[in-house]
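Q: One structure follows; several queries about it will come next.
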Amino acid sequence: LPQELVDSIVDHLHDDAAALQHCARVCRGWLPASRVHLFSRIHLEINHSVNARCTRLLAVLERAPEIAPHIHELHLADL
């Protein structure tokens with residue numbers, strides 16, 4: 001499929017995280033378009049495991065620094 005069509009398909013799934021995760025695994029060509037939506041908003045709940053979640057996010061960003069520009073919102077929620 002042409003990349004423009006792939007991008008359009010993935011864009012229609014912008015609010016379906018499970019579908020975007022599946023798209024990211026289809027092939028390398030689908031991964032960047034999926035990441036745009038998967039990482040645009042990150043929600044971290046502040047509780048006993050917040051350090052583990054922050055550490056996991058940092059590890060992901062260190063392994064794939066190209067993800068960082070896609071993060072537009074970071075929400076910290078106090079439970």
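Every number in this text was worked out from the coordinates using simple rules, so none of it is lab data. Every value quoted in this text rests on a predicted model; they were computed, and no experiment measured them. Don't worry about glycine lacking a Cβ; one is built from the backbone with ideal geometry, like all the others, and counts go over all protein chains shown.
Q: Out of residues 5 or more away from residue 45 or on other chains, whose amide H comes under 5 Å of its own, with H placed 1.01 Å from N in the peptide plane?
A: Placed amide hydrogens put 77 under 5 Å from residue 45.
Q: Would you calculate a helix-derived [θ] at 222 nm for the chain, using -39,500 (n - 2.57) for each DSSP H run of n ≥ 4 and dividing by the full residue count, to the nearest 500? Display every interim value, and only then the final one.
A: Details: 4 runs with 42 residues, N = 79.
Dividing the helical sum by the residues of the chain leaves -16000 deg cm²/dmol.
Q: Still on this structure, please answer the following. For the chain, what is the charge dipole size about the Cα centre, in debye to the nearest 20, if Lys and Arg each add +1 at the Cβ and Asp and Glu each add -1 at the Cβ? All intermediate terms of the calculation are to be shown ahead of the outcome.
A: Numbers: 7 positive and 10 negative charges, 74 e Å.
With only Lys, Arg, Asp and Glu charged at Cβ, the dipole is about 360 debye.
Q: Take each complete run of DSSP H in the chain, measure how far its Cα atoms stretch along the helix's own axis, and keep only those covering 15 Å or more with mean Kyte-Doolittle hydropathy at least -0.5; list them. Provide the component values of the computation, followed by the final result.
A: Numbers: long enough: 50-63 (20 Å, 0.34).
Span-like helices, by this rule, are 50-63.
Q: Still on this structure: Taking every pair of alpha-carbon atoms in the chain, give the share separated by more than 16 Å as a whole percent.
A: Values: 1703 of 3081 pairs.
Cα-Cα pairs of the chain separated by over 16 Å account for 55 percent.
Q: Compare the Cα positions of 31, 46, 17 along the charge dipole of segment 12-69 (+1 at Cβ of Lys, Arg; -1 at Cβ of Asp, Glu; about the Cα centre) and return the one farthest towards the positive end.
A: Positive-most Cα among the choices belongs to 31.
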